[in-house]
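J.: Just passing along the structure, written as structure tokens.
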Amino acid sequence: MTDRERFNATMHYQPVDRCPICDFGFWDETIPEWHKQGLPKKVEWKSGAEVYTDQWFGMDSYLDTGTPDVGLNPTFEWKILEDLGDHEIVQQGDGVRVLRKKYMGSIPHHIGHLLEDRDSWRKHYLPRLDPNNPARYPADWDARLARWKDPNRETPVSAWAGSLFGWLRDWMGLENVAVVPYDDPDWFEEMVTTLADCTIGTLTRALEAGAKFDSGSMWEDMCYSGGPLLGPDHFKRFLVPHYRRITDLLHKYDIDIVWTDCDGKIDTLLPLWLDAGVNCMFPIEVGTWGGDPVRYRKEYGKDLRLIGGFDKHLLQRSKPAILAEVERFVPLVEEGGFIPLPDHRVPPDVPYENYLYYLGEARRVWGKGINLKPCPALEAVPA
């Protein structure tokens, strides 16, 4: 089977040769750290690398997102505002000013937001969310469209559908986005509607032109260790109708798998996402709250598809602990609707040797040794 055939069969509980073998990538510091532990210098997790990590580790594809740009266009200028030694102040492409570590800085600290009120929204952000902006369609649009229309392509492609809350949280900060639904619900509704309009207007052109996508995908990151950053009542009032608008559009074009990337404790929002047509969760972060694909399948049955859920922290521990978790997922792998992979990007404190062990067991147990892609990483390990 091709990656595309395997992805679609897995997500629809159809017969499949084996489970897809995939990952979620790595912290920026992980690959340089692994270079010190035996990973060849030519292997990098970045475009244009002599050897890309997916090739080295023999990964299948599941995360190729297509479609035009549904976010801020143009973005703001990305620039370093101040160098503070082991930290730096940066203006990001979303207009946010952050303080970030130069090493081991996974989540930078927000120190300033351009989006503060209605005036800044309408001056700086609203014009950048025009779905009719021709710059949303790249110079190689015709070539991309031809690839998306190809019924024989071997790689699954997901229609990128953006964000309704996560982007707003980033652009205006957690405190501001938390109070706006109470202090100015009409403005909050305007922003969410604008984001949905931009996604729908931009996606429609690709879909009407004949693009065939295997799933739809969104990003939210709107939960933390204790639950959602937006309460269920507000989620249902403000977000669900617009999720439904997006999923209705995707369903119209036979895209019935729609997933969102949300970290943290998602339990309270899960049934609401399902009601809105978002039927696949990713990356199912384990954390201290115990996110667990096995538990979610028992609670929601086959209506809920799952991607992720392998505790990345186990990769720092013993090989028996890694193998036990690989084997625990076997019944769910066999049932389908599930692609197991680390529940977030692999951090640099995971030993390279442990990651190779995990990869070897995943290929043996989940992949059954059937039709696996070449894996130079394991071939380089002494017997």
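The values are calculated or read from the model by the stated rules, or taken from the named source; none is laboratory data. Computed from a predicted model, the values in this text were never measured in an experiment. Cβ: placed from backbone, ideal geometry, glycine included. Neighbour counts: every protein chain shown. We work out accessible area using only protein heavy atoms, side chains counted, and drop any ligands, DNA or RNA first. Shrake-Rupley method; radii C 1.70, N 1.55, O 1.52, S 1.80 Å.
J.: Being open to solvent by 80 Å² or more (accessible area, probe 1.4 Å), farther than 28 Å from Ala209 by Cα and not hydrophobic (A, V, I, L, M, F, W, C) is the requirement here; does Lys102 meet it?
T.: yes
J.: Can you run down the residue pairs with Cβ atoms below 7 Å, 6 or more apart or on separate chains, where the first is in region 354-383 and over 16 Å from Asp23 (Cα atoms) and modelled with pLDDT of 95 or more and the partner is open to solvent by 50 Å² or more (accessible area, probe 1.4 Å) and not in a helix (DSSP H, G or I)?
T.: Partner pairs satisfying both residue conditions: Asn371/Met1.
J.: Condition test on Pro241, is it touching a Pro at 6+ places or on another chain (Cβ under 9 Å) and either open to solvent by 10 Å² or more (accessible area, probe 1.4 Å) or assigned to a loop (DSSP other than H, G, I, E, B) (or both)?
T.: No, not satisfied.
J.: Still on this structure, I have one more. Step by step: first the residues of region 105-125, then only those that are open to solvent by 80 Å² or more (accessible area, probe 1.4 Å) and of a type in the set (Lys, Arg), then the one that is farthest from Gly201 (Cα to Cα). Which residue is that?
T.: Lys123
J.: Tally time: how many residues in region 156-169 are part of a helix (DSSP H, G or I) and open to solvent by 10 Å² or more (accessible area, probe 1.4 Å)?
T.: Residues meeting the conditions: 2.
J.: Right, another one. Condition check: in contact (Cβ under 8 Å) with a residue 60 or more places away in the chain and either among the β-branched types (Val, Ile, Thr) or in a helix (DSSP H, G or I) (or both). Does Leu207 satisfy that?
T.: Taking the combined requirement at face value, the residue does not satisfy it.
J.: Pick from region 256-303 the residues that are of a type in the set (S, T, N, Q) and over 22 Å from Val157 (Cα atoms): which of them is least open to solvent (accessible area, probe 1.4 Å)?
T.: Restricting to residues being of a type in the set (S, T, N, Q) and over 22 Å from Val157 (Cα atoms), the top hit is Thr268.
J.: For residues in region 52-66 being in contact with a helix residue (DSSP H, G or I) (Cβ under 6 Å, 6 or more places away or on another chain) and modelled with pLDDT of 90 or more, which is surrounded by the most Cβ atoms within 10 Å (Cβ to Cβ)?
T.: Asp60
J.: Another question, if that's okay. Could you run through region 5-24 and say how many residues are surrounded by 18 or more Cβ atoms within 10 Å (Cβ to Cβ) and either polar (S, T, N, Q) or over 22 Å from Leu332 (Cβ atoms) (or both)?
T.: Of the residues in region 5-24, 1 are surrounded by 18 or more Cβ atoms within 10 Å (Cβ to Cβ) and either polar (S, T, N, Q) or over 22 Å from Leu332 (Cβ atoms) (or both).
J.: Tell me, which helices (runs of 4 or more DSSP H) lie completely within region 300-383 with 3 or more residues that are over 30 Å from Ile257 (Cα atoms)?
T.: Filter on region 300-383 gives 319-328, 352-365, 376-379.
J.: Regarding Asp83, is this residue of a type outside the set (Phe, Trp, Tyr) and either touching a Ser or Thr at 6+ places or on another chain (Cβ under 8 Å) or open to solvent by less than 80 Å² (accessible area, probe 1.4 Å) (or both)?
T.: The answer is no for Asp83.
J.: Given Arg328, Arg305, which one is in contact with a Phe, Trp or Tyr (Cβ under 9 Å, 6 or more places away or on another chain) and of a type in the set (Lys, Arg)?
T.: Arg305
J.: Separate question: Across region 126-155, what is the number of residues that are of a type in the set (S, T, N, Q) and open to solvent by 70 Å² or more (accessible area, probe 1.4 Å)?
T.: Of the residues in that region, 2 qualify.
J.: Sticking with this structure for a sec: Say we look at region 10-40 and pick out the residues that are within 14 Å of Ile307 (Cα to Cα) and in a helix (DSSP H, G or I); which of these is farthest from the chain's Cα centre (by Cα)?
T.: Only one residue fits best here, namely Thr10.
J.: Residues that are of a type outside the set (Asp, Glu), over 30 Å from Gly231 (Cα atoms) and touching a Lys or Arg at 6+ places or on another chain (Cβ under 8 Å): does region 276-298 have at least one?
T.: Looking through region 276-298, none of the residues is of a type outside the set (Asp, Glu), over 30 Å from Gly231 (Cα atoms) and touching a Lys or Arg at 6+ places or on another chain (Cβ under 8 Å).
J.: For region 347-383, name all the residues that are charged (D, E, K, R) and open to solvent by less than 50 Å² (accessible area, probe 1.4 Å).
T.: Within region 347-383, Glu361, Arg363 meet the criteria.
J.: Here is a follow-up. Does Asp69 satisfy the criteria of being in a loop (DSSP other than H, G, I, E, B), charged (D, E, K, R) and surrounded by 15 or more Cβ atoms within 10 Å (Cβ to Cβ)?
T.: When the stated conditions are applied, Asp69 passes them.
J.: Anything in region 170-180 that is in contact (Cβ under 8 Å) with a residue 24 or more places away in the chain and either surrounded by fewer than 20 Cβ atoms within 10 Å (Cβ to Cβ) or assigned to a strand (DSSP E or B) (or both)? List them, or say none.
T.: Within region 170-180, Gly173, Leu174, Asn176, Ala178 meet the criteria.
J.: Assess whether Asp54 counts as being among the acidic types (Asp, Glu), under 30 Å from Ile339 (Cα atoms) and out of contact with any strand residue (DSSP E or B) (no Cβ under 7 Å at 6 or more places or on another chain).
T.: When the stated conditions are applied, Asp54 passes them.
J.: While we're looking at this one, here's another question. Go over the candidates Val240, Val294, Val258, Val278 one by one and state the one that is among the hydrophobic types (A, V, I, L, M, F, W, C), touching a residue at least 24 places away in the same chain (Cβ under 8 Å) and within 21 Å of Pro342 (Cβ to Cβ).
T.: None of the others qualify; the one that does is Val294.
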